[in-house]
1. Cα centroids of the stretch B:451-477 and the stretch A:71-133: how far apart, whole angstrom?
2. Can you show me the helix-derived [θ] at 222 nm for the protein assembly as shown, built from DSSP H runs with n ≥ 4 at -39,500 (n - 2.57) apiece and divided by the number of residues, rounded to the nearest 500.
3. Based on the mean of other beta carbon atoms within 10 Å per residue, what is the order of B:355-366, A:127-138, most packed first?
4. What nm value, rounded to one decimal, do you get for the distance between B:Glu157 and B:Ser619 when each label is placed 7 Å out toward the C-beta?
5. Quick one: Cα centre-to-centre distance for the stretch B:212-256 and the stretch B:318-393, in angstrom?
6. Using alpha-carbon pairs under 8 Å, 6+ residues apart, how would you state the relative contact order of chain B in percent?
7. What FRET efficiency, computed as 1/(1 + (r/R0)^6) with R0 = 51 Å and r the Cβ-Cβ distance, is obtained for A:Val125 and B:Ile417, rounded to the nearest 0.05?
8. Name every cysteine in chain A that ends up alone, with no second cysteine's Cβ under 4.7 Å, or say none.
Amino acid sequence: MTDEGRNQELEELRKAGRPCFQCGICASSCPVFRVAPEMNPRLAVDSVVSEGHVPVEGNEWLCSYCLMCEERCPMGVSLAEILIGIKNISSREGKAPKDFVESGEALLASGCLSPQSNRSDKKRVDLGLPDLPQPDLEQVKLIFEATGAYEVLEKNRAAAKEEAE
Amino acid sequence: MTTSDPKGSAEPTEIEVVSTDSELRIGVFPCMCGKNIGAVVDIEAVAEYSKTLPGVVLVQVNRYTCADPGQREIEEAIKEHGLNRVVVASCSPTMHEDTFRKAVKAAGLNPYLCIMANIREHVSWVHRDNPEAATQKAKDLVAMSVAKAATLEAQKELDVPVTQAALVVGAGVAGMQAALDLADSGFKVNLVEKQPTIGGIMAILDKVFPQNDCSICILGPKMVDVAKHPNINLITMAEVETISGYVGNFDVRVKQRARYVDIDKCTACGDCVEVCPVDVPSRTDQNLTWQKAIQIPFPQAVPSSYFIDQDTCLGMDLIRCGKCIDRCEQEAIVSSDTARYIDFEVGVIILATGFNPASPEKIPRLGWGRYPNVITSLEFERLINAAGPTEGKLVRPSDLTKPHSVAIAQCVGSRNIDTRMNCSNFCCAESVKCALLIKEHYPDTEVTIYYQDLRMHGKYFEEQYLKAREEGVKFVRGRVGEIQQYPKTKNLRVSVEDTTHNRLEMLDFDMVILSMGAEGQSGNFPIPISCTSDSFYIESHPKLRPVDTSSAGVFICGGAESPKDIRDSVIQASAAAGRAAIILQKGRYPIEALSARIMQDKCNRCGTCEKRCPYGAISQDGTGKFTVTGALCQACGTCAGDCPQDAIYMPNFTNEQIEAQIQIALAENPEDKIVAFACNYCSYRGSDLAGVSRMQYPTNARVIRSICSGRYSTKFAQKAFELGAGAVLYSGCHLPADCHFQTGNHWMAKREPRIRGWMKRNNIDDERFRVEWVSASEGKKWQTIMTEMAEVTERFKKSKPKPKKPSAKPKKKTEPKTKAKPKKKTATKPTKATKAKSSTKKSTTKKKGGK
């Protein structure tokens, strides 16, 4: 992604976050914040709006997208969407956490996020459930191409390699 | 001040009668304004030119027309020469129109037959570099004004009698104050209250901030004053049903519900309550306790009389119940009581209908209604009130024990785009007061206030905040996210992010008080007054007319206008009473002389005008005829701007007059000209400011003044383009709320697409028409627009070798040159010319340097 595109995306996030008056209802409603105080949706929006960059710590990846923050925000700010936007930007820079990259790789390789195991297949037979449909890998690839997920994966792989070295 | 120019005074002898209409005798008075106009505009040439205009019988140049001698000359000229129209070519009409109208009136002529041509702010001050073109523009402006003057009509200045009585709606603290002020001034006041007692919300509060004095102790005597005042007619349990008429003459019908108790006989002994078998939740005590079906809101109620709650009473006959009738020794209970209508006339109306405390029902995350120990601030007021259900003991509703820790949550129902966007103004101070009251009664109770921004903005408020801090009240910045209840203990767990320390606080409290904001309840009053989206009445001007409304003679105060505390309510009530007293005291109210009239022969009764009028001045009578109530009309002309039949006559801003002005403005070189429409209160003043600030711009604009931008019909732009205008500007007050007439600019903006559509069909370049919002402070913007539009006309001229215009061009182009040049050469004085030229050079070099 070009710098210009990135800046535009960031600008849109800032615009979406500007009505925020930092009251803290989102954070006090956030189930993740209760167990992981580093993930504070209010501060994530604040860093985008007032500091003009996405937070570097990468705590947004902890968001469970329950939308409680959006539901209760008195200013109607779409916090979960802003967090998604932050994640998009940082993943394009190769800053996605390892497990998210692995999930992406798995999705590309097998078409599903968690692999089908023999045990679960057996359980399905026992319960009289039909066989799971097999994912169409070609379709998955098309989606990866269309969304630019290939480049994101590539970027993150390269970043991981660099770090390993 | 100098006396008039000797040449000017010599001129009356050389009268030229050019008028075809023998009736028309126009006098033109070009003013030099010292050097302000005279140094740039060749005033003699303008005078000479004026003599050739149709209908002009006298031209008289003055050095200072506005000075006493100048005015006297106008008066004398009117008498001497029998003038019946006066055109003063001098400064802006916003500056001296009144002055000259008065002078004209003094001479026995109707003041509305005087008009001004603005050759100072619109010519000499803004075209210093180009005296030749400036003089030409001045001539055009004078010609436009003369053409308009020819069709001016005398307008009657009427007034209507004012009924010396007032209606005050709502008897809370604001309504009571307004009623008392007016009654003390000697006017009859009809005070209408919906509830069985007066006093409003203040009557049920315990202490009131910032001094924490007892609420009912200071309000009670005032309530008695209201009840005893000989000039106040108190009507409780009543609502205004209909209002008709206009300022000075409102016919009011009030519907009073049945009380079933004779106010005069009831001694409020309370015997009836002892026998009444029906329990109903107490309204006064916020449903925290029970009352009987026959009840009195509180002991100090005024009128001091019981009433029967009709919805819950079993029946006032012996078969169903009737116990109270038996018991009442005074025989005060009237079982046959019915609702009745009360009609009266008033001259003014004051709305003091107050606000509703916001309801926390809509905010499920805070648990009010499900968790008994979550209470609102009003419920707290009753709990801590010695006259309340617990006799002043603060207890938890769940188990009636004393709470050891109390949390107060701020901004509930306020500052939230889903409920109410705005701050409710009083709740911060209210909460600090609540905290102090708890500390005062139970010093060992822990009190925490969760706030977002603590707005202690009033007089003495900061002292109270300091006191609360000293008393040990905890203040935590962060809005409460959610409240959960422990099922067994009914204790509450409050989740808040302490935003100062970026950490989650989940603390347990025995009780939580929700600091409730206010909700507007305006909108259903039977008279058209605009309301905000959250149902508060909108004032006529937010700063300069804060208690007036768009309807003349109707005023607002207290919580009906916006959420406010007691002090502000009282201040505003007195202000409203004072404003109302001005109308009452004068006894007569002037009607806008220029109010719209509907020409019934042209009207097709489409009803558009009725929808356009922001004042409800246009109405349809039984026969389907639309008529204008002169006393309500403010003469903005928005109705006329959209009338498809041109059936609305706007005195002195008629279609014919405006079209005549367009025609004359475009008589020569139309492709060069900008026809600029400017509204009186913003854009025209903005253009004046450009003049006052000496902002130079090209000379090709011809400004046509109108009262409001709502008056600009689509036809004016079309007419201008048909006549070949280079560009057309419609300018008004800024959207959304600057319009002096509330909605004129909105309706004008809605015409823009229609005009653009018409332009597209007629192959007229989009850039040649502009709609702009120019405020009275935006002289710079006016200059920019004029400069940009001059470029547009320039481009248009180059790109236009169309067959029609070139044939017309050469004729017209040659004419003015031959006309204008020789005159100037003969008339200009050498000193003026050199001065003007030198100034031209200076400014041109400056411009170049700047660029």
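1. Rounded to whole Å, the Cα centres lie 48 Å apart.
2. Mean residue ellipticity at 222 nm (helix-derived): -11500 deg cm²/dmol.
3. Order by mean packing, descending: B:355-366, A:127-138.
4. 2.8 nm
5. Computed from Cα coordinates, the inter-centre distance equals 17 Å.
6. 12 percent
7. About 0.45, to the nearest 0.05.
8. Cysteines of chain A left without a disulfide-compatible partner: A:Cys20, A:Cys23, A:Cys30, A:Cys63, A:Cys66, A:Cys73, A:Cys112.
Values quoted throughout were computed directly from the atomic coordinates according to the rules given, and no laboratory measurement underlies them. Computed from a predicted model, the values in this text were never measured in an experiment. Here the Cβ is made from the backbone with ideal geometry for all residues, glycine too, and neighbour counts use every protein chain on show.
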